[in-house]
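Structure record follows, encoded as structure tokens.
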Amino acid sequence: MAINLFTPNFRVDECLEGIRECLEKGWTGLGFKTLEIEKAWCDYTGLPYAHFLSSNTAGLHLALHMFRTEKGWQEGDEVISTPLTFVSTNHAILQTGLTPVFADVDDTLCIDPDDLLAKITPRTRAVMFVGLGGNTGRYQDVLRICRERGLVLILDAAHMAGTRSNGKHVGWDADCTIFSFQAVKNLPTADSGMICFQDAERDARARKLTWLGINKDTYSRSMNQGAYKWMYEVEELGFKYHGNSIMAAVALVSLRYLDRDNAYRRQLATWYEQHLSGDPAIGLIPMTSGCESSRHLFQVRVAQRDQVLMALNEFEIYPGVHYRDNTAYQLYRDSANQCLNAARASDEVLSLPMHMNVTEQDVRFVAEKLKQIVRLHRKA
């Protein structure tokens with residue numbers, strides 16, 4: 001049987017029960033379930049505010065749009081980001097009329113604070129930190145730099161649902177944190193996300209902007225003494241980025257099992273480390289001290305990665321790559337050759353199968369085949 005990189009895990013009966021409630025009440029859009037998942041997420045993480053979105057990608061763009069318009073950033077002002085991420089991180093910067101500047105990564109595959117310092121210019125306005133695979137990297141050093149330099153810190157926590165640092169869920173000290181609940185993430189739905197600000201004013205503005213700038217959402221107007229109140233004001237140009245109750249119903253079920261599932265992911269990581277450590281041809285990605293990672297990914301670094309990946313496919317093992325250096329894409333090619341560690345990692349990283357259906361026997365099989373293939377390539 002094939003061992004795939006990701007296989008979503010849904011508690012189908014519980015999800016259908018929540019979806020049935022939405023259908024029976026005739027309310028499938030923004031409404032009672034989206035409010036319920038927002039409260040549940042705040043209770044779970046300890047974050048003060050949370051707004052349910054259609055995707056993490058929408059949240060990244062929304063956050064940058066809000067900070068740009070609030071703070072008066074100009075066209076071409078700079079946001080420092082990482083080239084080793086899914087392109088949505090950096091697309092959001094361009095879509096907001098800002099300029100992405102790439103800082104290199106360290107051995108955790110997260111932004112290297114030393115290179116971040118070197119990339120700051122008078123036009124730098126914000127830093128986008130990506131917790132790749134659920135790792136926190138040297139986030140605290142990045143946070144310190146942002147506070148000292150007066151830079152906005154946005155945490156792209158797409159992989160970090162359930163990640164804790166020194167006992168606290170991530171996001172409490174960033175200016176804005178955006179999570180992903182896409183289908184193969186640790187807290188899966190079909191697609192959705194959560195944007196978390198630290199203050200009520202920004203949270204309230206985000207809610208208007210995700211509903212086209214309208215100052216009263218449809219659900220709130222319908223709940224006003226049972227009569228639909230049609231009158232509203234459009235206060236600024238917004239987007240249609242809000243989440244819906246069907247996705248919220250699935251998210252509520254996934255949240256109930258998040259800690260349990262993440263604990264199993266950490267067990268899978270421990271088994272992989274036990275079977276792969278000590279092989280000089282297989283590099284393991286270090287976890288930051290004090291980080292209880294969601295372990296969305298388990299990544300290794302190998303030479304001749306593409307050939308190794310294809311050889312694993314011959315055994316019905318299907319790993320992935322997270323990610324290709326964004327400066328290798330035509331859109332970002334003008335920034336190529338500025339982040340040598342990221343470029344090198346992009347050629348070497350391999351994400352091994354990591355989901356609830358992977359067993360200890362599967363891990364042993366994957367590790368054995370990987371070591372065998374790496375040895376053969378080394379001799380060749």
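Return the calculated 222 nm mean residue ellipticity for the chain, to the nearest 500 deg cm²/dmol, obtained by summing -39500 (n - 2.57) across DSSP H runs with n ≥ 4 and dividing by the residue count. The partial results should precede the final answer.
On the way: 13 runs with 155 residues, N = 380.
After summing the helix terms and dividing by the residues of the chain, the value is -12500 deg cm²/dmol.
How long are the three semi-axes of the equivalent ellipsoid for the stretch 42-93, computed from the Cα gyration tensor as the root of 5 times each eigenvalue, in whole Å, largest first? Could you put the intermediate results ahead of the total?
Details: eigenvalues 101, 51, 21 Å².
Square roots of five times the eigenvalues give 22, 16, 10 Å.
Within the shell of other residues whose beta carbon sits under 11 angstrom from the beta carbon of Arg205, the net charge comes to -3, with Lys and Arg scored +1 and Asp and Glu -1. For the pair Asp173 and Thr28 in one chain, pulling the backbone fully straight at 0.36 nm per residue adds 48.9 nm over the alpha carbon distance. Dipole of the chain (Lys/Arg Cβ +1, Asp/Glu Cβ -1, origin at the Cα centre): which of Ala63, Pro353, Leu98 lies farthest to the positive side? So the residue furthest toward the plus end is Pro353.
Which trypsin sites (Lys or Arg not before Pro) does the stretch 53-128 hold that lie in a coil by DSSP with at most 15 other beta carbons within 10 Å?
Details: sites: Arg68, Lys71, Lys119, Arg123, Arg125; in loops: Arg123.
Passing both the DSSP loop test and the Cβ count: Arg123.
Net charge in the neighbourhood of Val253 (other residues with Cβ under 9 Å of its Cβ; Lys, Arg +1, Asp, Glu -1) is 0.
If you keep only loop residues by DSSP, which GluC sites (Glu not before Pro) in the stretch 1-81 have at most 11 other Cβ atoms within 10 Å of their Cβ? Display every interim value, and only then the final one.
Numbers: sites: Glu14, Glu17, Glu21, Glu24, Glu36, Glu38, Glu70, Glu75, Glu78; in loops: Glu75.
Of the GluC sites (Glu not before Pro), the ones in loops of the stretch 1-81 whose Cβ has at most 11 other Cβ atoms within 10 Å are Glu75.
Model label points for Glu360 and Glu75, set 7 angstrom from Cα along the Cα-to-Cβ axis, are 6.1 nm apart.
State the extension gain, in nm to one decimal, for the chain segment bounded by Asn313 and Arg147, taking 0.36 nm per residue of separation less the distance between their alpha-carbons. Display every interim value, and only then the final one.
Details: separation 166, 0.36 × 166 = 59.76 nm, distance 4.61 nm.
Stretched out fully, the Asn313 to Arg147 stretch lengthens by 55.1 nm.
Between rounded, prolate and oblate, where does the stretch 1-150 land on the alpha carbon gyration tensor, with a ≥ b ≥ c its root eigenvalues, rounded for a/c under 1.5, else prolate if a/b exceeds b/c? It is prolate, given that a/c is not under 1.5 and a/b is the larger ratio.
How would the stretch 1-74 be classified by its alpha-carbon gyration tensor: rounded, prolate or oblate, with rounded meaning a/c under 1.5 and the a/b versus b/c comparison settling the rest?
Working: a/c = 2.27, a/b = 1.44, b/c = 1.57.
Oblate.
Using a Debye calculation, one point per C-alpha and no hydration shell, please list log10 I(q)/I(0) for the stretch 259-379 at q = 0.18, 0.19 Å⁻¹ in order. Listed by q, the Debye log ratios stand at -0.99, -1.07. For the stretch 118-216, the calculated P(r) over all alpha carbon pairs, in 5 Å bins from 0 to the bin holding the longest distance, is 3, 12, 20, 21, 19, 15, 8, 3, 0 percent. Ordering Leu5, Cys196, Ala157 by Cα displacement along the dipole of the stretch 3-256 toward the positive end leaves Cys196 in first place; charges were set at the Cβ atoms of Lys, Arg (+1) and Asp, Glu (-1). In this structure, Arg11 and Leu35 have a Cβ-Cβ separation that, at R0 = 30 Å, corresponds to a calculated FRET efficiency of about 0.90.
Bear in mind these aren't lab numbers, they're just calculated from the coordinates by the rules spelled out. Small disclaimer: the values here were computed from a predicted structure and weren't measured. As a convention, Cβ positions derive from the backbone with ideal geometry for all residues, glycine included, and neighbour counts pool all protein chains shown.
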